[in-house]
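What follows is a single structure, written as structure tokens, with notes after it.
The values are calculated or read from the model by the stated rules, or taken from the named source; none is laboratory data. No experiment lies behind these values; they were computed from the predicted model shown. When we count neighbours, we look across all protein chains shown, and the Cβ atoms used for this are built from the backbone with ideal geometry, even at glycine. Surface areas here come from the heavy atoms of the whole protein model, side chains and all, with no ligands, DNA or RNA. Shrake-Rupley method; radii C 1.70, N 1.55, O 1.52, S 1.80 Å.
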Amino acid sequence: MRVALFVPCFVDQFAPGMARATLEVLAAQGVEASYPRNQTCCGQPAWNAGLPDAARPLARHFARTFADFDYVVAPSASCVAMVRRHYAGLLGRDSGSEGFDTARVFELCEFLWEVLGVREIEGRFPHRVGLHVGCHGLRELGLGNASERIRGRRPDPIRRLLESLAGIEIVDLARPDECCGFGGTFAVGEPEMSAQMGRARLADHAAAGAEVLVSADPSCLLHLGGLIERQARAWPVLHVAEVLAGHAWPRSQEVEGA
Amino acid sequence: MTHAERAALFAAEPGRSAWHDEALWSVRQRRDEAVRALPEWGRLVELAGQLKAHTLARLPDYLEQFESEATARGAVVHWAKDAAEHNRIVLGLLEERRVERVAKSKSMLTEECGLNPYLEARGIEVIDTDLGERIVQLRNEAPSHIVLPAIHLKRTEIGALFHEHLGTPAGESEPAALVAAARQDLRRRFLSAQAGITGVNFGIAETGGIVVCTNEGNADLGTSLPPLHIASMGIEKLIPRLADLSVFLRLLARSATGQPITAYTSHFHGPRPDAELHIVLVDNGRSALRAREAVREALHCIRCGACMNTCPVFRYGGGHAYGATIPGPIGSVLEPAKHPQHHASLPFACSGCGACGGVCPVGIDLPQQLQSLRAESGPQRGAMGLRAMSFAMRGRRRYALATGVMRLAQRLLPRLVIERMARGWTRDRALPQAARESFRSWWQKQERGR
């Protein structure tokens, strides 16, 4: 089984620890993922901004880069949703990307749950966790059931795998799947709304008693973490891979006494 | 002003945004409960979408059938290609009968056509009889929500408004007292109205009947007394058969407020004895939308407002931020599709969460429609940067160069300069710092070490 790791551009630059943790989580399940060095970005920022012509070359590049792998795994539900849900429409019958099957691209926990059949992760995380559910993973990849829908589709592998850790407690939020307001270019196009929505999420997590914020979406974490830092609160945000890999949270020293 | 600017103004007032959000979220929760109590919900949504698609596909036939059935029942059917023609027809009907006072029940179509100011400028008094509509009318502003027109107002503000206009005691803000005062005033208006204008929720091709859904019974009162009833109806309101109505009625109120059905579902099949019923069928851009595959589905909308209640941008930014007759996700599709020059920012008033698609009772793929309109809206601010980014991401070497430049800039430029350059981000958020070592270079070292 040839598995490639896709590391979103901003994770590569700003949060490489999330990518390393992803490799470790895969390795713990016996999967040696490789990292094709030609990879760049999935094209979501341009696509999201209504610039499909600017996104298309990146989609084509992605398809070429990962053409020879059985699976592509990424620590970002949103980037995976971009590939799985929107590449077909974006690429159409693109000659350079024929034969690339977007169905083989998976979010990390989704890959563990669906492809490898993992139901439990060995490890401990004795903390009260606020799980931030990213909208694209939830509604575009169908990881779990959106609160506005009636019928259950699939279990949420992110939550289920986290719950399998010893000592973990996932707190109950008043709004379990409300958007954090990141929204790609929305974050800078409507900064007031974006920040307002983000602060409301943080308040919900705080009221539920979360000690740490965890998500499978690094872009949401970048936004929420940035808000936390401006509020001068010492509140760690972690990628689910970092929790599953048993990494201590990066700023754990700072939270002492918090 | 753009949506972002207007929404920021709404949110700038301390507490307003959070309170508005809570008010609408509670409506969304009531909707969730009502929907979960109906095991066949998914089937109904599917069926409703199919019925609407079918009706739109054969719209000319159904419109003609509707016209002939309605005419056979004694109604007079008028055709208006746009808002101006609609207003002229309504004015003509009123003037011919020397009508000076009209009681109007809630109708987003008449808002769309600007009927109130048009008639008022010609000396005809129009009183909105839906309580929420009456409130915004007294404030001389547009509804901020299609189902809850005055949801942006606190009851103390309504108390002050009623004190000024209806003579309630100063400081009175008890809902029961305010409603009683409005009722007193409206009762007088109902009794003196010489004509009633209503919207139409559903027009039934098979019977030529129209159906109006209200919670206050104001459509019935406004049309039961005066000898003239004018119903303004968008051509997309048509459904084929009476039996189909049962599908939509089960969806509408549950989606709107969580009620199983609106308090009043009024059927009008022809005029009352010794009275007239005129139905004005309005196109006003609908045929053009119907011809465009990418946005045609938006015509399926039954105006329940569920997408507004679930949309976080609507909840936190308010309905007036859209600057359009129909706000929220569905408005962000309909309005720029009709008037791209005025509403280009609306498809971007969206964080892309997708919840609107999940609540729509007729299954409109709103996220998809908003996305396709983004591409049509033309380049927004920041497009240059994104194009540059796309260019820099087309290969490994370019990527290395671009990220190298970014890292260098972050190291060399003064912090304040960077903060200014990225102000959209940094106003409320700390700027992420590039890691000492990117994943890519870490991986390269690992490989070399192997």
Report task. Give, rounded to the nearest 20 debye, the magnitude of the charge dipole that the range A:1-90 has about its Cα centre when Lys and Arg contribute +1 at Cβ and Asp and Glu contribute -1 at Cβ. Result -> 220
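Which of the peptides B:159-172, A:2-15 is most tightly packed, and how do the rest follow, going by the mean number of other Cβ atoms within 10 Å of each residue? Please report the intermediate quantities before stating the final value.
Working: B:159-172: 15.5, A:2-15: 22.6.
Going from most to least packed, we get A:2-15, B:159-172.
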Query - Three semi-axes of the equivalent ellipsoid, chain A, Cα gyration tensor, whole Å, largest first - result: 28, 22, 17
Query raised in the report: Under the definition of Cα pairs under 8 Å and six or more residues apart, what whole-number percent is the relative contact order of the range B:40-284?
Result: 28
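Using Stokes-Einstein with the Kirkwood hydrodynamic radius over Cα pairs, what translational diffusion coefficient do you get for chain B at 10 °C and a viscosity of 1.306 mPa s, in µm²/s rounded to a whole number?
Values: Rh = 24.3 Å.
My calculation gives 65 µm²/s for D.
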Report task. Could you state the accessible area per residue of the range B:326-444 in Å², with a 1.4 Å probe and every protein chain left in place? Result -> 49
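Relative contact order, percent, of chain B when contacts are C-alpha pairs under 8 Å separated by at least 6 residues? Intermediate results must be reported in sequence, preceding the final value.
On the way: 699 pairs, mean separation 92.7, N = 450.
The normalised contact order for chain B reaches 21 percent.
Determine the total buried accessible area between chain B and chain A, counting protein heavy atoms only with a 1.4 Å probe; round to the nearest 100 Å².
On the way: alone 22270 and 12290 Å², together 28560 Å².
Between B and A, the summed buried area is about 6000 Å².
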Report task. Under a 10 Å cutoff between Cα atoms, tell me which one of B:431, B:38, B:249 has the largest fluctuation in the Gaussian network model of chain B. Result -> B:431
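Which order do the peptides B:114-123, A:213-222, A:106-115 come out in when sorted by mean C-beta neighbours inside 10 angstrom, highest first?
Taking the mean over residues of other Cβ atoms within 10 Å, the ranking is A:213-222, A:106-115, B:114-123.
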Query raised in the report: Per the Debye formula with a single identical scatterer at each Cα and no solvent contribution, what log10 I(q)/I(0) holds for the range B:184-329 at q = 0.08 Å⁻¹?
Result: -0.26
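How large is the dipole of chain A about the Cα centre if only Lys and Arg carry +1 and Asp and Glu carry -1, each at its Cβ, rounded to the nearest 20 debye? If you can, show how the numbers build up before the last one.
Numbers: 26 positive and 31 negative charges, 83 e Å.
Magnitude of the dipole: close to 400 debye.
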Report summary line: Spelling it out for residue B:77: with amide H atoms placed in the peptide plane at 1.01 Å from N, the residues 5 or more places away or on another chain with amide H under 5 Å from its amide H are B:279
Report task. Two decimals is fine: what is log10 I(q)/I(0) at q = 0.07, 0.08, 0.14 Å⁻¹ for the range B:40-284, from a Debye sum with one equal scatterer on every Cα and no solvent? Result -> -0.24, -0.31, -0.94
Report task. Send over the per residue convex hull volume for the range B:185-242, Cα only, as a whole number of Å³. Result -> 82
Report task. May I ask you to give the percent of accessible area on the protein assembly as shown that is carbon plus sulfur, with a probe radius of 1.4 Å? Result -> 52
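Would you mind checking the pairs B:52/B:104; B:104/B:338; B:52/B:338; B:104/B:237 and listing those with alpha carbons more than 22 angstrom apart?
On the way: B:52/B:104 27 Å; B:104/B:338 26 Å; B:52/B:338 20 Å; B:104/B:237 19 Å.
From B:52/B:104; B:104/B:338; B:52/B:338; B:104/B:237, over 22 Å: B:52/B:104; B:104/B:338.
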Query raised in the report: Roughly what % antiparallel, to the nearest 5, for the DSSP beta bridges in chain B?
Result: 25
Query raised in the report: Hey, in chain B, which Cys have no second cysteine's beta-carbon closer than 4.7 Å?
Result: B:113, B:213, B:301, B:304, B:311, B:350, B:360
Requested in this report: Can you tell me the relative contact order of the range B:283-372? Whole percent, Cα pairs under 8 Å, sequence separation 6 or more.
Outcome: 32
**Report entry** Cα-only radius of gyration and Dmax that characterise the range B:1-62, units Å
**Finding:** 19.1, 53
Report summary line: Expressed in angstrom, Rg and Dmax over the Cα atoms of the protein assembly as shown are 27.8, 95
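Sorting check: for A:234-241, B:75-82, B:349-356, which peptide has the highest mean count of neighbouring beta carbons within 10 Å, and how do the rest follow?
Values: A:234-241: 23.4, B:75-82: 17.6, B:349-356: 26.9.
Ranked from most to least packed, the peptides come out as B:349-356, A:234-241, B:75-82.
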Query raised in the report: Based on DSSP, what percent of beta bridges with both residues in the protein assembly as shown are antiparallel, to the nearest 5?
Result: 15
Report summary line: the range B:40-284: antiparallel bridges as % of DSSP beta bridges, rounded to 5, reads 25
Report summary line: Which residues qualify? For residue B:104, with a placed amide H closer than 5 Å and at least 5 residues away or on another chain, they are B:127, B:128, B:129, B:197
Query raised in the report: From the backbone phi of the range B:29-42, what are the Karplus-calculated ³J(HN,Hα) couplings (6.51 cos²θ - 1.76 cosθ + 1.60, θ = phi - 60°) in whole Hz, Gly and Pro given as x?
Result: 5, 5, 4, 4, 4, 5, 5, 5, 7, 10, x, 8, 3, x
Report task. Enumerate the amide H contacts of residue A:34 below 5 Å, restricted to partners 5 or more residues apart or on another chain; note that Pro and chain-start residues carry no placed amide H. Result -> A:3, A:4, A:5
Query raised in the report: If you project the alpha carbons of the range B:390-449 onto the principal axes, what extent comes out on each, in Å, largest first?
Result: 41, 25, 20
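Normalized C-alpha radius of gyration of the range B:1-139, against 2.2 N^0.38 Å? Don't skip to the end; give the middle numbers.
Numbers: Rg = 20.8 Å, N = 139, 2.2 N^0.38 = 14.3 Å.
That ratio works out to 1.45.
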Query raised in the report: At 222 nm, what helix-only mean residue ellipticity would chain B give, in deg cm²/dmol to the nearest 500, using -39500 (n - 2.57) for each DSSP H run of four or more?
Result: -16000 deg cm²/dmol
Requested in this report: Please compute the Cα-Cα pair-distance distribution of the range B:92-176 with 5 Å bins starting at 0, giving whole percents from short to long.
Outcome: 3, 13, 23, 22, 16, 12, 7, 3, 1
Requested in this report: Could you work out, residue by residue across B:309-320, how many beta carbons of other chains sit within 10 Å of that residue's beta carbon, and then give the average as an integer?
Outcome: 4
Report summary line: Averaged over residues of A:195-207, the number of beta carbons from other chains lying within 10 Å of each residue's Cβ is 3
Query - Calculated from backbone phi, Karplus (6.51, -1.76, 1.60) coupling profile of the range A:173-179 in Hz, x at Gly/Pro - result: 8, 5, 10, x, 9, 6, 5
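Just the Kirkwood number for the range A:50-96, please: inverse of mean 1/r across all distinct Cα pairs, in Å, one decimal. Let's see the in-between values first.
On the way: mean 1/r = 0.0885 Å⁻¹.
One decimal place: 11.3 Å for the Kirkwood radius.
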Report summary line: With the dipole of the range B:40-284 defined by +1 on each Lys or Arg Cβ and -1 on each Asp or Glu Cβ, the option from B:221, B:86, B:170 whose Cα lies farthest towards the positive pole is B:170
Query raised in the report: For the range B:40-284, what is the charge dipole size about the Cα centre, in debye to the nearest 20, if Lys and Arg each add +1 at the Cβ and Asp and Glu each add -1 at the Cβ?
Result: 400
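Once the Cα gyration tensor of the range A:152-249 is found, what semi-axes does its equivalent ellipsoid get, as square roots of 5 times the eigenvalues, in whole Å, sorted largest first?
Details: eigenvalues 104, 48, 35 Å².
Here the semi-axes work out to 23, 16, 13 Å.
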Query raised in the report: What is the mean number of Cβ atoms from other protein chains located within 10 Å of the Cβ atom of each residue in peptide B:59-65, rounded to a whole number?
Result: 0
Requested in this report: Starting at the first residue of the range B:60-66, write each ³J(HN,Hα) from the Karplus equation 6.51 cos²θ - 1.76 cosθ + 1.60 with θ = phi - 60°, in whole Hz, x for Gly and Pro.
Outcome: x, 4, 5, 5, 5, 4, 4
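Beyond 23 Å, what share of the Cα-Cα pairs of the range A:12-99 remains, rounded to the nearest whole percent?
On the way: 965 of 3828 pairs.
That tail contains 25 percent of the Cα-Cα pairs.
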